[in-house]
Amino acid sequence: MRHTEADHGLVKRTDVAIIGGGLAGLCLARQLHGRMPDLKITVIEGQKHPLPDAGVKVGESTIEIAAHYFREILGLGAHFRDSQLPKFALRFYFGGGAQPIEKRTELGVSDFPPFPTYQLDRGIFESFLSAEAVKTPNCEFIDMARVQSVSVCSDAVRDAEVGRDDHRIRYLRVGGTFVLDCRWVVDTSGRAGVLKKKFGLGKPSDHGANAVWWRVSSRVDIRDITDDPSWRNRIGGENRWLSTNHLMGDGYWVWVIPLPKNVTSIGIVADGNRQPFDEMGTPERARQWLFKNEPELAALADPTWDKLIDFRRLRHFSHDCVKVFSKDRWAISGIAGAFLDPFYSPGSDYIAFSNTLITELVERDRRGENIAAAAKAFDGLYLSFFENNLKAYTDLYPIFGNGRVMPIKIAWDYGLYWSLFAFLFINGAMTDERMLVRLRKELSLMVVLNTHMQALFRQWGLLQPENGGGNYIAQYDVEWLLRLNQALTRQTPKDLIYPTVQRNMKRLARVAAETTLLARREFPQLPSLPPRIQSEMEPAGDEPVLLRLYQALGFVKETPDFAEADSTAPTLSAPNSWATIVESSFSGDAQSSLSASLATATT
Ligand SMILES: Cc1cc2nc3c(=O)[nH]c(=O)nc-3n(C[C@H](O)[C@H](O)[C@H](O)COP(=O)(O)OP(=O)(O)OC[C@H]3O[C@@H](n4cnc5c(N)ncnc54)[C@H](O)[C@@H]3O)c2cc1C
């Protein structure tokens, strides 16, 4: 029998063991150390570090929550400035590739947005993070090591060989099997899902989209897709190539993302019912698929196929999880738990969100607090945000090419994200139970609103003729969107967070009412506004909130009367699961124990 360190009694111990040193695991180690420098942290990672630059991982475009997390919470601003690329926001071209680009409706920014975001090479980033971890006191990064088993200590299950409160991890590395005991174990093992599998926590997602993607060591510059000078010049400046460019068609979108060192990432994401996965699953098939569906991009990218760095494919990428945080000191972060859809690049947002909740739980546990109520509440909060956001994608791919409805849907999704999720996260309110309990009504209103709006868009997009038209829509001509994005650049005083969210929700309700009215004027069979919303919206302003957008899309010429809420058709009965989860997380026993623990904490 081969002897290992463990066999000789050299069992090591750490405070937090992190399984998987990818984006989620490495960021968590940095965040934990930033908050608790004396905490012992061990990251066990399967791959050898440093990683090659490009072509290792997908997930290169960041949005506001992730950008804030990397820059402000993890203090990585200098890395992003020096080694990654600034992002010129998300940009969309609707109408399918049969039309020339200048005839496709385009939605995007004309100047860099108030809140900076980034395009990042994951190889460069993760190698940087692991090198930093190695230099950090009390932090150990073990690469080329594979976790084989985890024995979790809990009230119900105790591993006889482990100390009373510790979990035990066994991992393989050159030299044999090693044993690590730990107070906390966090699973960030990506799709391997070590804890998710161990506990049988996997839950299928209804969202059945597939993806293929590849990286080339060459710049595929979207500006060169046409010679048309009016198209090239219409946004002013030369920054289009720095956007996450989305070419949108029936049941699919294609991304073009620039990366540092002249690398480009390209991906096709598609609903398998409309765009069969087999037609794109190899480099040659993806090339042919582009020529069929996006011929201009295909021609632009064609000379780069011989500079291919990698080619990856993933069928049915969305997956769900029934539990991610436990009072028994285990947690799951990143895609080891759940994953939505890359359309708005939210992957790193969810890492920021779960890592922040985990850090809070570890810190409270370290202070000797009972974390049972907080773990339950955070678990409900995280999974319910996931569930609510999944609605923005499920069954919506069939309308992705629609150049009239999709810009309004995107404005809605931006408005909701900046009004609530990003606003709460950036202002540090996601770990403030008292604030979340106070916001219960607004959060449940948000679910009703979003459920209604996504159903409206889904049906409207199928009824509304596409009519691309070739307009350029500057998203920040809509004052509301500009103000919401600007608001994220400054810290909101704590006493203003609640009234701001309240105001934001009333504004969202007004946008929902106006958009519903607009859609139902042409298609009365579309769902009408749920009655509850009518009493929750702000009074009508001088003009509809999205008037500039409606005008740019040709829905209205002059200022229409949107003051009347529309209540004539049958109302939508929305499955209100998000609200139910939040309410049950923050009500009854959970809420009273939360209140009690908060009362104790504050006296
Ligand atoms: C098509 C597509 C496009 C995407 N685009 C974006 C985007 O634009 N922006 C964005 O933010 N997100 C995007 N994402 C999501 C993004 O890829 C994920 O959010 C991110 O990679 C998750 O990081 P992670 O650390 O959870 O997992 P990973 O990066 O997969 O890391 C897991 C790590 O665990 C290690 N590991 C696994 N098993 C073990 C074990 N037993 N022992 C030790 N180590 C182990 C692996 O080696 C790996 O390094 C996209 C996802 C898809 C599918």
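What to note about this one:
- Hits in the range 369-385 - residues which are in a helix (DSSP H, G or I) and closer than 27 Å to F339 by Cβ: A374, A375, K376, A377, F378, D379, G380, L381, Y382, L383, S384, F385
- The lone exception for L172 - which of (1) in the same structural domain as I41 (by TED's automatic domain parsing); (2) hydrophobic (A, V, I, L, M, F, W, C); (3) not in a strand (DSSP E or B) it fails: (3)
- Every test in (1) in contact with a strand residue (DSSP E or B) (Cβ under 9 Å, 6 or more places away or on another chain); (2) under 18 Å from A67 (Cβ atoms) is passed by V362 save one, and that test is (2).
Here's the yes/no breakdown for (1) aliphatic (A, V, I, L, M); (2) over 25 Å from A411 (Cβ atoms); (3) surrounded by fewer than 20 Cβ atoms within 10 Å (Cβ to Cβ); (4) more than 15 Å from the ligand (Cβ to nearest atom):
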{"residue": "Y69", "(1), (2), (3), (4)": "no, no, no, no"}
{"residue": "E72", "(1), (2), (3), (4)": "no, yes, yes, yes"}
{"residue": "G77", "(1), (2), (3), (4)": "no, yes, yes, yes"}
{"residue": "D82", "(1), (2), (3), (4)": "no, yes, yes, yes"}
{"residue": "A89", "(1), (2), (3), (4)": "yes, no, no, no"}
{"residue": "R104", "(1), (2), (3), (4)": "no, no, no, yes"}
{"residue": "V109", "(1), (2), (3), (4)": "yes, no, no, yes"}
{"residue": "F112", "(1), (2), (3), (4)": "no, no, yes, yes"}
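- Scanning the range 215-246 for residues that are outside any helix (DSSP H, G or I) and either farther than 20 Å from D111 by Cα or of a type in the set (D, E) (or both) yields a total of 11.
- Complete set of residues in the range 482-501 that are in contact with a Leu (Cβ under 9 Å, 6 or more places away or on another chain) and crowded, with 17+ Cβ neighbours inside 10 Å: I497, V501
- Extreme residue, nearest to the chain's Cα centre (by Cα), among residues of the range 409-433 that are among the small types (G, A, S) and within 18 Å of P493 (Cβ to Cβ): A422
- From I309, I335, residue being under 18 Å from the mean Cα position of the chain (by Cα) and β-branched (V, I, T): I335
- The one condition from (1) over 15 Å from P346 (Cβ atoms); (2) in contact (Cβ under 8 Å) with a residue 24 or more places away in the chain that L420 does not meet is (1).
- The residues of the range 101-151 that are in a helix (DSSP H, G or I) and more than 30 Å from N293 (Cβ to Cβ), listed by number, are I124, F125, E126, S127, F128, L129, S130, A131, E132, A133, V134, K135.
- Only listed residue being under 22 Å from L308 (Cβ atoms) and not basic (K, R), chosen from T226, T264: T264
- Considering the range 169-196, the residues that are over 31 Å from the mean Cα position of the chain (by Cα) and within 15 Å of the ligand (Cβ to nearest atom) include one that is nearest to V362 (Cα to Cα), namely L180.
- Residues in the range 393-407 include at least one that is within 16 Å of the ligand (Cβ to nearest atom), crowded, with 22+ Cβ neighbours inside 10 Å and assigned to a helix (DSSP H, G or I).
- Condition met for N355 (on the phi < 0 side of the Ramachandran plot, in contact (Cβ under 8 Å) with a residue 40 or more places away in the chain and either buried (at least 23 other Cβ atoms within 10 Å of the Cβ) or in contact with a strand residue (DSSP E or B) (Cβ under 8 Å, 6 or more places away or on another chain) (or both)): yes
- Considering only residues in the range 220-247 that are surrounded by fewer than 19 Cβ atoms within 10 Å (Cβ to Cβ) and small (G, A, S), the one that is farthest from L90 (Cα to Cα) turns out to be S230.
The values are calculated or read from the model by the stated rules, or taken from the named source; none is laboratory data. Note that the structure is a prediction, hence the values are computed from the model and not measured. Please note: Cβ atoms are built from the backbone with ideal geometry, for glycine as well, and neighbour counts cover all protein chains shown.
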